[in-house]
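Below is one structure, written out as structure tokens; the observations come after it.
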Amino acid sequence: MIEISVKNLVKAFEKDKNILDGISFEINEGERVGILGRNGCGKTTLFKILTEEYGFDEGDMYIAPGRKLGLISQIPNYPKDYTVEQVIRSAFRPLMRLQREMEELASQLTASAPPTLLKRYDELSYRFEHGGGYEMDTQTDKMCSGLGIPAAMREQLFDSLSGGEKTRVNLARLLLEQTDILLLDEPTNHLDMKNVEWLEEYLLSFKGTVLTISHDRYFLDRVVQRIIEIRGGKAEFYSGNYSFYVVEKQARYDLQLKQYEQEQAKLKQLGYTVERMKGWGINNRTLYRRAMSIQHRMERIEKTERPTKDKTVSARFGERDFRGDSMLSIRGMKKAFDERVLFEDVELKVLGGESIAFLGDNGTGKSTFIKCLLGEEPCEGKIKFGPQCKWAYLPQIIHFAHPERSLYDTMLYETNCTPQQARDRLGAFLFSGEDVFKPVSVLSGGELMRLRLCMLMDEKVNLLVLDEPTNHMDIASREWIEQALEDYEGNLIFVSHDRYFVEKFATRIWELKDGRVIDHPYGYEKYRAVQEKERQARLAVPAEPKKKPAAAKPTGPKPKSTKRQLELVEKQIAKLEETSAKLDAEIAEAATDYQKLQELMTEKQSIDDQLSALYEQWEELSLEMEEGQS
């Protein structure tokens, strides 16, 4: 059954400038569809047309009769004194009306009450029960737990919340309503990984129809069944998840390019033949007529457009050479605000070349940890950088001292480069032509991040610290940032909820949980597997075998990431083997000193245990490398 049908829809906000230019598509009942496209292509406009917040200029739109739509980006106006709890429970307004009427009738039910009153009460009671009235409290608690809305927040005034918190509360309200068609506009933007995973499971079991605008590639891979990409105001269709879309889009590009090149070669050959026959036909009208016939045939050939491809970043960071293994060591680090301890007893060491993802739920103190690490926030403990370490920090929100300056002037004033070097470096980060003369103040979040990375390119940095580098960026901007970091060989420490980004770059995970930083010496894929194994052990239920994805994630972890981790493991093994050999010599010398011998034997056992774990990890990584190259 078709639930949504759009035919030749046209919408313009400016004269002769259509943001939607004849877009057509159909959505069937129960489908989960991802809507993709560059920022500003009309995705949110389309959603607002579907909910009739916006009108349209031409075309037709059909929504199946009796189907209820809910749009997450629309936050209704509530009374000033409404608490978060009241906003969430507004999802149950029909049931609450039934409940109030039942209570009024109950007060009138006496021995002498007429049968019609009792009959009415029975009808209401039946509707209330079958509508889920007795599960309202349970459903509300589950939803709030899943989306990270604590009891304290539920008591707050809704108007006192931040924009992200309001969006989360509104998402909870929308999911609790009996909505047939969910329109989700960036639903994962204000959720941490745990909340996003909960939302994914909810949507996978949701019986209705889902249309989602999202730049979260992992979310799209797990949730959607097909993709509609808005490009040039029209729709392009892909019958699979995000991974399928990436592979299929490249295949279509390659096919169109091949057709274009073959067509151009054919036209070139025909053109050469026409010119020769015209020359020969000066005194031969038959040849001349044949030449003109071929030329007319060339004009009638349907031309294939040359396919275009998004530009890519072509830049490389000038990493600083460093000696020794230690880039950073942390001992006894602790941070508390009054009686609230964010983290304590942190003992960590960073080796050269490691790429570390710093994970944790929202509000646990990840950004504070990063600021403490870099000396921007006071804390207890000892933090020591290696003698050759040069770090650079990119915060979530990037500020420039002089936003009124153009990109070009910013490069000249704030970096040591010539005018030509400034243009070349900006061009490598996709700032070209007149764009370089735009003021910094008009740049989007993704463009600001690209500009800051561009400025760091030649600074010989060997430790980059990033706080949510891909937050609020569209997919193209995220891929540009990833391209800029792709060939970076130095260290990375980054906070991120973008699982695609984490999976691609992390060779090690730090997890902030319950005031402790837990060190996981492996990448995100193994981290997820370990977490799932622990969860299944807690539930005492054997884990179900994971289904293979429809297509491999083309932009997921690269063999290079595995290679880097393998090299780090080999360095650690070599170092521990050297330590083990020294301990063997010391044990031989201490044969008559029982107390010292016991200490040395305990230390040797610890080293051997670590080596066993590293040998096992080395075997797994070697196997991954072989599979990646086959």
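The values are calculated or read from the model by the stated rules, or taken from the named source; none is laboratory data. Everything numeric in this text was worked out from a predicted model, so none of it was measured. Using ideal geometry, Cβ is built from the backbone for each residue, glycine included, and neighbour counts are taken over all protein chains shown. Remember, those area values only see protein heavy atoms, side chains included, never the ligands or the DNA or RNA. Shrake-Rupley method; radii C 1.70, N 1.55, O 1.52, S 1.80 Å.
Look at where the Cα atoms of region 323-364 and of region 199-270 average out, and the two centres are 40 Å apart. Considering only 63, 401, 78, the residue lying farthest towards the positive end of the dipole of the chain is 63, judged by Cα position with unit charges set on Cβ. Treating r as the C-beta distance of residue 396 and residue 159 and R0 as 30 Å, the FRET efficiency rounds to 0.75.
In whole percent, how big is the carbon plus sulfur part of the accessible area of region 451-493, probe 1.4 Å, protein atoms only?
Working: 420 of 1020 Å².
Using a 1.4 Å probe with all protein chains present, region 451-493 comes out at 41 percent carbon and sulfur.
Answer rounded, prolate or oblate for region 40-158, using the Cα gyration tensor with square roots of eigenvalues a ≥ b ≥ c: rounded when a/c is under 1.5, else prolate when a/b is larger than b/c, else oblate. Let's see the in-between values first.
Values: a/c = 2.86, a/b = 1.59, b/c = 1.79.
It is oblate, given that a/c is not under 1.5 and a/b is not larger than b/c.
Ignoring ligands, DNA and RNA, how do 80, 119 rank by accessible area with a 1.4 Å probe, largest first? Please list the in-between numbers first.
Details: 80 160, 119 130 Å².
Largest accessible area first, the residues go 80, 119.
For region 267-277, 3J(HN,Hα) computed residue by residue from phi via the Karplus equation (6.51, -1.76, 1.60; θ = phi - 60°) reads 5, 5, 5, 5, x, 5, 5, 4, 4, 5, 5 Hz, glycine and proline entered as x. I'd like the distance between the alpha-carbon centres of region 389-435 and region 91-151, rounded to an integer number of Å. Answer, in whole Å: 61. Ranked by the mean number of other Cβ atoms within 10 Å of their residues, highest first, the peptides 228-234, 611-617 come out as 228-234, 611-617. Here region 99-151 is treated as an ellipsoid with the same Cα gyration tensor; its semi-axes, largest first and in whole Å, are 33, 11, 6. Taking every protein chain into account, the 1.4 Å probe leaves residue 107 with about 90 Å² of accessible area, to the nearest ten.
When DSSP beta bridges are limited to those with both residues in the chain, what percentage is antiparallel, rounded to the nearest 5?
On the way: 39 of 73 bridges.
Looking only at bridges with both residues in the chain, the antiparallel portion is about 55 percent.
Taking a straight Cα-Cα cut-off under 14 Å and skipping sequence neighbours fewer than 8 places away in the same chain, the aspartates and glutamates within cross-link reach of residue 513 are 192, 344, 345, 361.
About the Cα centre of the chain, what is the dipole size in debye to 20, counting +1 per Lys and Arg Cβ and -1 per Asp and Glu Cβ, all else neutral? Kindly include the intermediate steps, with their values, before the conclusion.
Values: 90 positive and 104 negative charges, 592 e Å.
The calculated dipole for the chain is roughly 2840 debye.
Prolate is the label for region 376-478. Its Cα gyration tensor axes, ordered a ≥ b ≥ c, give a/c of at least 1.5 and a/b above b/c. Across region 132-271, Cα-Cα distances exceeding 20 Å account for 59% of all pairs. Measuring with a 1.4 angstrom probe and ignoring ligands and nucleic acids, residue 246 comes out at about 30 Å² accessible. Straight-line cross-link partners of residue 303 among the lysines, defined as a Cα under 21 Å from its Cα and at least 8 positions apart when in the same chain: 234, 249, 258, 266, 268.
Ranked by solvent-accessible area (1.4 Å probe, protein heavy atoms only, all chains present), the residues 450, 285 order from largest to smallest as 285, 450.
What's the magnitude of the charge dipole for region 407-492 around its Cα centre, counting Lys and Arg as +1 and Asp and Glu as -1 at the beta-carbon? Answer in Debye, nearest 20. Walk me through the numbers on the way to the answer.
Details: 7 positive and 16 negative charges, 44 e Å.
Computed about the Cα centre, the dipole is about 220 debye.
Computed on the Cα trace of region 151-228, the radius of gyration divided by the Kirkwood hydrodynamic radius gives Rg/Rh = 0.97.
Sorting 381-390, 174-183, 45-54, 248-257 by their mean Cβ neighbour count within 10 Å, with the most densely packed peptide first, gives 174-183, 45-54, 381-390, 248-257.
Apply the a/c threshold of 1.5 to the C-alpha gyration tensor of the chain and tell me whether it is rounded, prolate or oblate.
Values: a/c = 1.88, a/b = 1.04, b/c = 1.81.
It comes out oblate by the Cα gyration axes.
Accessible area ranking (1.4 Å probe, heavy atoms, ligands and nucleic acids excluded), largest first, for 516, 499, 32, 97: 97, 516, 32, 499.
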